[in-house]
Amino acid sequence: MSYFNEITLGVCYYPEHWKEELWPEDLRRMRDAGITMIRIGEFAWNKFENQEGVFDFSFFDRFLDVVRTTDIKVIFCTPTATPPAWLTLKYPEVLAVDLDGRKQYHGARRHYNYNSPIYRDKTRIITEQLARHYGEHKCIIGWQIDNELNCVTNEFYSESDHEAFRTFLQERYGTLEQLNSAWGTVFWNQTYTEWEQVYLPRHTQRDTCNPHLRLDAVRFFSESCISYCRLQYEILKQYLPDHVFVTTNGLFGHVDYNRMVNEALDFITYDSYPEFGLMEGADHLKDRRWSMNLARARGTVKGFGIMEQQSGPGGWYNFRVAPSAKPGQIRLWTFQSIANGADFVSYFRWRTCSFGTEIYWHGILGYDNLDNRRLEEIRNLSKDIKKISGMAGSRYQAKAAILYDYDNEWDGETDVWHGPLRRYSHLGLFQALQEEHIPFDYVTVTPEMDVHTLQQYEVVFAPHMTIVNPALVQVIREYVEGGGKFITGARTGYKDMNGRCPMEIMPIRMTDLFGIHILDFTAVMPDSTDQYAQMDGQKIYMPLFHDILTPVDEACVIVATYCSGYYQGSPAIVRKRTGAGEAYYFGAAFDCKTVKTLLRSAGVSSGLSCWASVPEWCETAVREGDRGACLFILNYEDKWTEIQLRRTMKNVLTGNEESGTIKLEPFGVLVYEI
Ligand code: GAL
């Protein structure tokens, strides 16, 4: 469900940064620019509790009294991202501690730890006070918990965290014997004989750490974050009417967002800063790469919002210098978010702050407060948004799925054998699917996942399923039997859920699914000449790693063979039919060009061709719902481009019926009714 009937534009506003006389005029100018929602309060703890236990709501009451004179709606925040100085001075144990054991002192933000009993208590009190006071306020349509949980740091090493980790492990393993066995502590004499000996990772020789401990530590970081969010969620829900939602803004590392949404939120929002993609060091997909993050948000929950959408150039006084969005790019990024499934877009921020760390993180308005081109662009685009407002609640239509699996993601962060493959392949798959206009979803592996989840997709990729989840393998089997195409990449199937490598033939539990054994393999060094395979008469690029596949089943068909190396001529890609579907084993990391060839060979094509022919540098997306369906075409290039329409369609933004060749301006957007 969506809490939004209409696609809505909002903005992040900080009443505490401005003179009160500015408030009415700011709200009037927002409304005039088509902005109908504001987010407030996320860093303002002292405005509510300036001294321990002394609560005063008059500041935000006065502000909301002004809001009440308009039709602007409010997302109110709990202010726990920035604990007050009085709190951290009196209770230093609430401070976050890094791996080096250094406390993160007052002065920036997110300087607390989730497991401190005192901080949890203080959180409970401020959340309850705010919920009691503002819960029924007519202007408030939703709440944001904290701000960007797990941003800045997503690992915590305070005394409270070590203690909570022990409790987490006791619940997971019961006894120390089980823990020792799960972590293989007999290796290098790591055996624990008392729970007090167990810690989260600490500095060790060469900074290595037991990999199974490390995996459980990340699971624990996620658990801590979710539990802290749930603490606030449960309090808020006691005081809020049903139609008022509770969310938080993400997405950051070491959080299982599917669990967070299931247990501690109504839905998730994403903070989208596509400009990071335009900066030095970013890949050639640039701002378009942000659609990958939007797909992750969509994979977490159908129906999400953008709590912070970039509007001005970003940068702190001591961190990052970024270019301004060129004319048209704010509009493009707004449509990027909506095309990818967002039901609301709230810009960061109304006016650039004239003091503090973020003096260069520009908002819509500059320090001078004058009307500018950014405001003008938003005012104009808001008229376009009105024309597609009925798309709220509609769903992004995907043909392909990429399994997103937290266990493998987290294991791959430190495992240098499969981690780099994952990162390479995520990009390769994303780029290939984007450029071929084959829309995809990330489907997160959850305990609730069943075959129906996968059956909606013609093809499912599981880039490198190193850790094998037996329940997932069962779902994949059913999917293939029912007619699905399943494709996995190198290094699939050699670890159990603790990240240990069982004494079994690889790919473990799946040898019959692909009809192969993997008896030999090799990493492929960057300067190696052995990086290719032969497929349908073409040379295809097979980077990073080679699994050398041995067919053991007559039904296993060899799709490609390695071109060189001591294993020249050995199978590199195979497929096996089971029931009505097929399972492919792909022996390397997924390169964009190779994926395109593979998609063609597997008969997976774009559904777009019945409507239009669109160059690969434009993104396309279809959203469909009860109130109709729209095709979005987004031009990320700073140049005119041509689109060929294959049928006559109504351009929703101009109201014209169009056909034939359409010229699309630099950073331009087209929306057609289909
Ligand atoms: C976000 C954060 C905002 C602001 C913005 C620009 O990550 O939520 O509060 O800091 O970045 O730095």
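Considering each residue of segment 83-112, count those that are in contact with an Asp or Glu (Cβ under 8 Å, 6 or more places away or on another chain) and under 13 Å from Phe43 (Cα atoms), and give that number.
Just the residues of segment 83-112 that are in contact with an Asp or Glu (Cβ under 8 Å, 6 or more places away or on another chain), to begin with: 84, 86-87, 90, 93, 97-99, 104, 110.
In the following step, the residues that additionally are under 13 Å from Phe43 (Cα atoms) were identified as 84, 110.
Residues in segment 83-112 being in contact with an Asp or Glu (Cβ under 8 Å, 6 or more places away or on another chain) and under 13 Å from Phe43 (Cα atoms): 2 in total.
So, of the residues in segment 258-273 that are in contact with a Ser or Thr (Cβ under 9 Å, 6 or more places away or on another chain) and within 16 Å of the ligand (Cβ to nearest atom), which turns out to be nearest to Gln310 (Cα to Cα)?
Ranking the qualifying residues of segment 258-273, first place goes to Ser272.
Residue by residue through segment 309-323, note down the ones that are surrounded by fewer than 15 Cβ atoms within 10 Å (Cβ to Cβ) and within 15 Å of the ligand (Cβ to nearest atom). If you could, list the steps in order and put the result at the bottom.
So in segment 309-323, the residues surrounded by fewer than 15 Cβ atoms within 10 Å (Cβ to Cβ) come out as 316-321, 323.
Matches in segment 309-323: Trp316, Tyr317, Asn318, Phe319, Arg320, Val321.
Need pairs with beta-carbon distance below 7 Å; first residue surrounded by 14 or more Cβ atoms within 10 Å (Cβ to Cβ) and within segment 515-537, second acidic (Asp, Glu) and assigned to a strand (DSSP E or B); sequence gap 6+ or separate chains.
Every condition considered, the pairs that remain are Ile518/Asp547; Phe521/Asp547.
Could you say whether any residue in segment 479-500 is surrounded by fewer than 19 Cβ atoms within 10 Å (Cβ to Cβ) and part of a strand (DSSP E or B)?
Scanning segment 479-500, I find no residue that is surrounded by fewer than 19 Cβ atoms within 10 Å (Cβ to Cβ) and part of a strand (DSSP E or B), so the answer is no.
When residues of segment 501-513 are filtered for being assigned to a loop (DSSP other than H, G, I, E, B) and either touching a Phe, Trp or Tyr at 6+ places or on another chain (Cβ under 9 Å) or within 18 Å of Tyr584 (Cα to Cα) (or both), how many remain?
As a first pass, look at segment 501-513 and keep what is assigned to a loop (DSSP other than H, G, I, E, B): 501-505, 507-510.
The next check asks that each one be either touching a Phe, Trp or Tyr at 6+ places or on another chain (Cβ under 9 Å) or within 18 Å of Tyr584 (Cα to Cα) (or both); those that pass are 501-502, 504-505, 507-510.
Counting residues in segment 501-513 that are assigned to a loop (DSSP other than H, G, I, E, B) and either touching a Phe, Trp or Tyr at 6+ places or on another chain (Cβ under 9 Å) or within 18 Å of Tyr584 (Cα to Cα) (or both) gives 8.
Among the residues in segment 133-146, are any part of a loop (DSSP other than H, G, I, E, B), within 16 Å of the ligand (Cβ to nearest atom), among the aliphatic types (A, V, I, L, M) and buried (at least 16 other Cβ atoms within 10 Å of the Cβ)?
So in segment 133-146, the residues part of a loop (DSSP other than H, G, I, E, B) come out as 135-139, 145-146.
Still in the running and within 16 Å of the ligand (Cβ to nearest atom): 145-146.
In the following step, the residues that additionally are among the aliphatic types (A, V, I, L, M) were identified as 145.
Filter once more, so that each one left must be buried (at least 16 other Cβ atoms within 10 Å of the Cβ): 145.
Yes, segment 133-146 contains at least one residue that is part of a loop (DSSP other than H, G, I, E, B), within 16 Å of the ligand (Cβ to nearest atom), among the aliphatic types (A, V, I, L, M) and buried (at least 16 other Cβ atoms within 10 Å of the Cβ).
Scan segment 429-445 for residues that are touching a Ser or Thr at 6+ places or on another chain (Cβ under 9 Å) and closer than 20 Å to Gly493 by Cβ and jot them down.
Val443, Thr444
List pairs: first residue in segment 300-325 and free of Cβ contacts under 8 Å to residues at least 40 places away in the same chain, second residue near the ligand (Cβ under 10 Å from one of its atoms) and among the acidic types (Asp, Glu) anywhere in the structure, Cβ distance under 9 angstrom, at least six positions apart or on different chains.
Gln309/Asp271; Gln310/Asp271
Could you tell me which residue of segment 398-418 is surrounded by the fewest Cβ atoms within 10 Å (Cβ to Cβ), considering only residues that are farther than 14 Å from Thr444 by Cβ and β-branched (Val, Ile, Thr)?
Our first condition is that a residue be farther than 14 Å from Thr444 by Cβ; within segment 398-418, this holds for 399-400, 411-418.
From the residues that got through so far, the ones that are β-branched (Val, Ile, Thr) too are 414, 416.
Details: Thr414: 16, Val416: 10.
Top of the filtered list is Val416.
In segment 1-110, which strands (runs of 3 or more DSSP E) lie fully inside it and hold 3 or more residues that are within 16 Å of the ligand (Cβ to nearest atom)? Spell out the reasoning first.
Values: elements: 8-12, 37-40, 49-51, 73-77.
Strands (runs of 3 or more DSSP E) meeting the threshold: 8-12, 37-40, 73-77.
Filter segment 11-28 down to the residues that are surrounded by fewer than 19 Cβ atoms within 10 Å (Cβ to Cβ) and among the charged types (D, E, K, R) and list them by number.
Glu16, Lys19, Glu20, Glu21, Glu25, Arg28
Is it the case, given these coordinates, that Ile306 is more than 11 Å from the ligand (Cβ to nearest atom), out of contact with any helix residue (DSSP H, G or I) (no Cβ under 6 Å at 6 or more places or on another chain), within 24 Å of Gly393 (Cα to Cα) and not assigned by the TED database to the domain that holds Glu619? Don't jump to the end; show me each part of the working.
Values: more than 11 Å from the ligand (Cβ to nearest atom): yes; out of contact with any helix residue (DSSP H, G or I) (no Cβ under 6 Å at 6 or more places or on another chain): no; within 24 Å of Gly393 (Cα to Cα): yes; not assigned by the TED database to the domain that holds Glu619: yes.
Judged against the criteria, Ile306 is not a match.
With (1) in a helix (DSSP H, G or I); (2) under 13 Å from the mean Cα position of the chain (by Cα) as the list, and Gly253 as the residue in question, which single condition is left unmet?
(1)
Name the residue, out of Gly489, Gly499, that is at pLDDT 95 or above and touching an Asp or Glu at 6+ places or on another chain (Cβ under 6 Å). So that I can check it myself, show each step before the final result.
Working: Gly489 fails: touching an Asp or Glu at 6+ places or on another chain (Cβ under 6 Å).
Going through Gly489, Gly499 in turn, just one is at pLDDT 95 or above and touching an Asp or Glu at 6+ places or on another chain (Cβ under 6 Å): Gly499.
Can you say whether Ile558 is of a type in the set (A, V, I, L, M) and in a loop (DSSP other than H, G, I, E, B), as far as the supplied structure shows?
Judged against the criteria, Ile558 is not a match.
Report, by residue number, each residue of segment 147-167 that is crowded, with 19+ Cβ neighbours inside 10 Å and not in a loop (DSSP other than H, G, I, E, B).
Within segment 147-167, Ser160, Asp161, Ala164, Phe165 qualify.
Kindly list, by first and then second residue, each pair from a residue in segment 125-140 that is closer than 17 Å to Thr80 by Cβ and assigned by the TED database to the domain that holds Gln51 to a residue that is hydroxyl-bearing (Ser, Thr, Tyr) and not in a helix (DSSP H, G or I), limited to pairs with Cβ atoms under 9 Å and residues at least 6 apart or on different chains.
Note: pairs meeting the criteria are Ile126/Thr78; Ile126/Thr80; Thr127/Thr78; Thr127/Thr80; Leu130/Thr78; Ala131/Thr78.
For the condition surrounded by 19 or more Cβ atoms within 10 Å (Cβ to Cβ), free of Cβ contacts under 8 Å to residues at least 40 places away in the same chain and over 18 Å from Ile235 (Cα atoms), what is the one hit in Leu179, Leu200? Let's see the steps before the verdict.
On the way: Leu200 fails: free of Cβ contacts under 8 Å to residues at least 40 places away in the same chain.
Result: Leu179 is the single residue among Leu179, Leu200 that is surrounded by 19 or more Cβ atoms within 10 Å (Cβ to Cβ), free of Cβ contacts under 8 Å to residues at least 40 places away in the same chain and over 18 Å from Ile235 (Cα atoms).
I need the full set of residues from segment 343-390 which are within 15 Å of the ligand (Cβ to nearest atom), in a loop (DSSP other than H, G, I, E, B) and either within 25 Å of the chain's Cα centre (by Cα) or surrounded by 15 or more Cβ atoms within 10 Å (Cβ to Cβ) (or both), in order please.
The answer is Arg349, Trp350, Thr352, Cys353, Glu358, Tyr360, Trp361, His362, Gly363, Ile364.
Suppose we filter Leu421, Leu519 for residues that are in contact with a strand residue (DSSP E or B) (Cβ under 8 Å, 6 or more places away or on another chain), assigned to a strand (DSSP E or B) and either of a type in the set (Lys, Arg) or on the phi < 0 side of the Ramachandran plot (or both); which single one remains? So that I can check it myself, show each step before the final result.
On the way: Leu421 fails: assigned to a strand (DSSP E or B).
Residue meeting the stated conditions: Leu519.
So for segment 654-673 (the condition being in contact (Cβ under 8 Å) with a residue 60 or more places away in the chain, more than 22 Å from Gly277 (Cβ to Cβ) and part of a strand (DSSP E or B)), does at least one residue qualify?
Yes: segment 654-673 contains one or more residues that are in contact (Cβ under 8 Å) with a residue 60 or more places away in the chain, more than 22 Å from Gly277 (Cβ to Cβ) and part of a strand (DSSP E or B).
Restricting attention to segment 277-288, does a residue exist that is within 16 Å of the ligand (Cβ to nearest atom), assigned by the TED database to the domain that holds Ala108 and either touching a Ser or Thr at 6+ places or on another chain (Cβ under 8 Å) or part of a strand (DSSP E or B) (or both)? Show your work before the answer.
Just the residues of segment 277-288 that are within 16 Å of the ligand (Cβ to nearest atom), to begin with: 277-279.
Narrowing the set further to residues that are assigned by the TED database to the domain that holds Ala108 leaves 277-279.
So of that shortlist, the ones also either touching a Ser or Thr at 6+ places or on another chain (Cβ under 8 Å) or part of a strand (DSSP E or B) (or both) come out as none.
No, segment 277-288 contains no residue that is within 16 Å of the ligand (Cβ to nearest atom), assigned by the TED database to the domain that holds Ala108 and either touching a Ser or Thr at 6+ places or on another chain (Cβ under 8 Å) or part of a strand (DSSP E or B) (or both).
Results for (1) in a strand (DSSP E or B); (2) in the same structural domain as Tyr424 (by the TED database); (3) more than 25 Å from His437 (Cβ to Cβ), shown as yes or no for each residue.
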residue: Thr550; (1), (2), (3): yes, yes, yes
residue: Tyr566; (1), (2), (3): no, yes, yes
residue: Gly569; (1), (2), (3): no, yes, yes
residue: Ala588; (1), (2), (3): no, yes, no
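Can you pull out the residues in segment 41-71 that are of a type in the set (A, V, I, L, M, F, W, C) and touching a helix residue (DSSP H, G or I) at 6+ places or on another chain (Cβ under 6 Å)?
If we filter segment 41-71 for residues that are of a type in the set (A, V, I, L, M, F, W, C), which is where we start, we get 43-45, 48, 54-55, 57, 59-60, 63-64, 66-67.
Listed by number, the residues that qualify are Ala44, Phe55, Phe57, Phe59, Phe63, Val66.
The values are calculated or read from the model by the stated rules, or taken from the named source; none is laboratory data. Just so it is clear, the model here is predicted, and its values are computed rather than measured. Glycine also receives a Cβ, built like all others from the backbone with ideal geometry; neighbour counts cover every protein chain displayed.
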